[in-house]
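Below is one structure, written out as structure tokens; comments come after it.
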Amino acid sequence: MDWTVTLGVLAGLVVLAALVDWLTQRIVRPLVSRAVRVSPTKIDDALLAHGVIKQLSHIAPALVIHFGIALVPNLHETLVQVIGKGAIAYMVLVVAIAISAFLSALNDIYERRPAGHSRPIKGYVQLGKIIVYTIALIGIIAVLIGKSPLVLLGGLGAFAAVLLLVFKDTILSLVASVQIASNDMVRVGDWIEMPSLGVDGDVVDIALHTIKVQNFDKTIVTVPTHRLIEDSVKNWRGMSDSGGRRIKRALYVDQGSVGFLDEAMRRKLGRFALLKSHFERKKAELDEWNAQAPERSAEPVNARRLTNLGCFRAYVTAYLESHPKVDHGKTLMVRQLEPGPTGLPLELYCFAATTEWGAYEAIQADIFDHLLAILPEFGLRLFQQPGGGDLMAGIAALRAPLDAAA
């Protein structure tokens with residue numbers, strides 16, 4: 001008879017807990033959710049979206065079990081303690097999950113701010129979650145074994161070395177996250193390069209342990225956060241912020257085609273409007289220099305004269321200075337590099353007036369299309385390795401006299 005009463009009361013307690021859970025989930029939570037949706041503030045909307053209210057609603061039936069189990073008659077004391085402690089442990093876990101969801105909601109609210117995209121706090125939020133779950137785990141163990149959490153914390157000192165080993169990556173990542181945030185090294189949306197790790201793309205996510213980068217081939221590379229401090233990282237943000245992207249490419253001129261201008265070539269190049277000021281300035285400069293010593297004018301080899309390469313360099317400089325899609329507020333030069341077995345490099349160094357990749361490549365291609373096409377007008381040739389067509393033309397030239405004799 002006593003066990004019948006015990007089972008009846010225990011069943012009634014379970015039914016009551018189920019009823020409280022039903023009322024909480026079907027009536028209380030929908031009313032709170034409706035009130036949150038009509039509220040003008042955005043914070044409670046984030047809490048609702050991340051399930052904070054949903055998690056907290058699960059505490060109600062656990063409270064019924066915790067306080068009601070002691071009222072069940074003839075139930076063994078040990079069983080009462082086990083069920084009561086289990087209910088408390090469950091509530092601690094639910095609160096930890098709710099706090100974790102609350103931190104996620106805070107991160108969501110922060111990312112809506114203008115500075116949230118460039119200076120994320122996701123890493124710190126994840127660290128906070130680790131701390132919350134660690135405290136919850138200690139609390140649950142303390143409740144189940146009936147000891148004070150301070151006793152467990154005191155015993156953790158003996159496992160400090162183990163904990164440091166287990167959380168080594170977390171500690172390294174935390175230090176790296178602080179340095180990255182304080183020095184503003186990397187932001188979401190930055191284009192970074194790390195050749196040693198195969199990284200060449202845009203940062204899409206910065207977390208506590210990892211940073212996700214989407215390469216330009218659309219692959220995703222996950223990099224440990226501390227590697228951004230340990231390894232060399234090239235960040236292209238400065239280029240993006242400047243509004244211009246560098247063009248640094250050379251034309252390889254055949255050195256055998258470089259020579260002085262004769263009168264015919266001088267008249268031919270005089271047709272170029274971009275060279276008008278160059279010829280006027282150089283004529284005055286050369287006349288003054290040659291007039292300083294009579295012997296310089298007696299023989300052309302003793303005088304300073306214009307060269308086709310110098311005129312072409314002046315033309316390229318004037319062409320870039322007049323180009324509407326070249327940033328004239330940044331460094332612009334055309335320079336000769338050290339000659340080599342592949343010819344004389346004539347390097348263009350300037351900046352396109354855009355950072356958009358496709359537009360930049362189009363500007364660069366248009367510039368070199370024009371220069372490659374107009375270079376023969378200066379009596380110059382580009383250097384390139386002999387190809388199949390060159391070999392066939394050479395063979396044909398050698399065979400021509402033999403064919404004519406035959």
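Bear in mind these aren't lab numbers, they're just calculated from the coordinates by the rules spelled out. The shown structure was predicted, so the numbers you read here are calculated from the model rather than taken from an experiment. All Cβ positions, glycine included, derive from the backbone under ideal geometry; neighbour counts span all protein chains shown.
How far is helix 77-111 tilted, in degrees, relative to the longest principal axis of the Cα atoms in the chain, given as a value from 0 to 90 rounded to the nearest 10?
Roughly 30 degrees between the two axes.
With point charges of +1 on the Cβ of Lys and Arg and -1 on the Cβ of Asp and Glu, referenced to the Cα centre of the chain, which listed residue (THR4, LEU103, ALA365) lies farthest in the positive direction of the dipole?
In the chain, that residue is THR4.
In straight Cα distance, which lysines are under 16 Å from LYS122, not counting same-chain residues fewer than 8 positions off?
Cα-Cα hits under 16 Å: LYS212.
Place a +1 charge on the Cβ of each Lys and Arg in region 186-237 and a -1 charge on the Cβ of each Asp and Glu, then give the dipole magnitude about the Cα centre in debye, rounded to the nearest 20.
100 debye
Which peptide among 53-60, 134-141, 279-286 comes first, and what is the full order, when sorted by highest mean count of other Cβ atoms within 10 Å?
Highest-to-lowest ranking by the protection proxy: 53-60, 134-141, 279-286.
Given the options ALA176, VAL14, PRO324, identify the residue whose Cα lies farthest towards the positive end of the charge dipole of the chain (+1 on Cβ of Lys, Arg; -1 on Cβ of Asp, Glu).
Farthest towards the positive pole: VAL14.
Kindly state, to the nearest 0.05, the FRET efficiency for LYS325 paired with ALA396, given R0 = 51 Å and r defined as their beta-carbon distance.
For LYS325 and ALA396, the calculated efficiency is 0.75.
About its Cα centre, what dipole magnitude does region 311-406 give when the only charges are +1 on Lys and Arg Cβ and -1 on Asp and Glu Cβ, stated in debye to the nearest 20?
With only Lys, Arg, Asp and Glu charged at Cβ, the dipole is about 240 debye.
If you put +1 on each Lys and Arg Cβ and -1 on each Asp and Glu Cβ, how big is the dipole of the chain around its Cα centre, in Debye rounded to 20?
The calculation lands at about 760 debye.
Find the relative contact order for the chain and round it to a whole percent, using C-alpha pairs within less than 8 Å whose residues are 6+ positions apart.
So the answer I get is 11 percent.
Note the angle between two axes, namely the Cα long axis of helix 59-68 and the longest principal axis of the Cα atoms of the chain, as a number of degrees from 0 to 90, rounded to the nearest 10.
20 degrees
Please compare each pair in LYS248/LYS325; LYS248/LYS330; LYS234/LYS325 to a cut-off of 20 Å on the Cα-Cα distance and tell me which ones are over it.
LYS234/LYS325
Taking the 0 to 90 degree range and rounding to the nearest ten, how far is the long axis of helix 388-405 tilted relative to the main principal axis of the chain, both from C-alpha atoms?
30 degrees
Ranked highest first by average number of other Cβ atoms within 10 Å, how do 81-90, 33-42, 356-365 line up?
Top to bottom by mean Cβ count within 10 Å: 81-90, 356-365, 33-42.
Between ARG266 and ARG281, what is the spin-label point distance in nm, taking each point 7 Å from the Cα along the Cα→C-beta axis?
2.0 nm
Tally Lys/Arg at +1 and Asp/Glu at -1 over every other residue whose Cβ is under 15 Å from the Cβ of PRO339; what's the total?
0
Between VAL14 and VAL151, how high is the FRET efficiency from 1/(1 + (r/R0)^6) when r is the Cβ-Cβ distance and R₀ = 35 Å? Nearest 0.05.
So the FRET efficiency works out to roughly 0.55.
Kindly rank 340-352, 226-238 from highest to lowest mean number of other beta carbons found within 10 Å of each residue.
340-352, 226-238
Multiplying the sequence separation of ASP205 and THR78 by 0.36 nm and subtracting their Cα-Cα distance, what value in nm do you get?
40.7 nm
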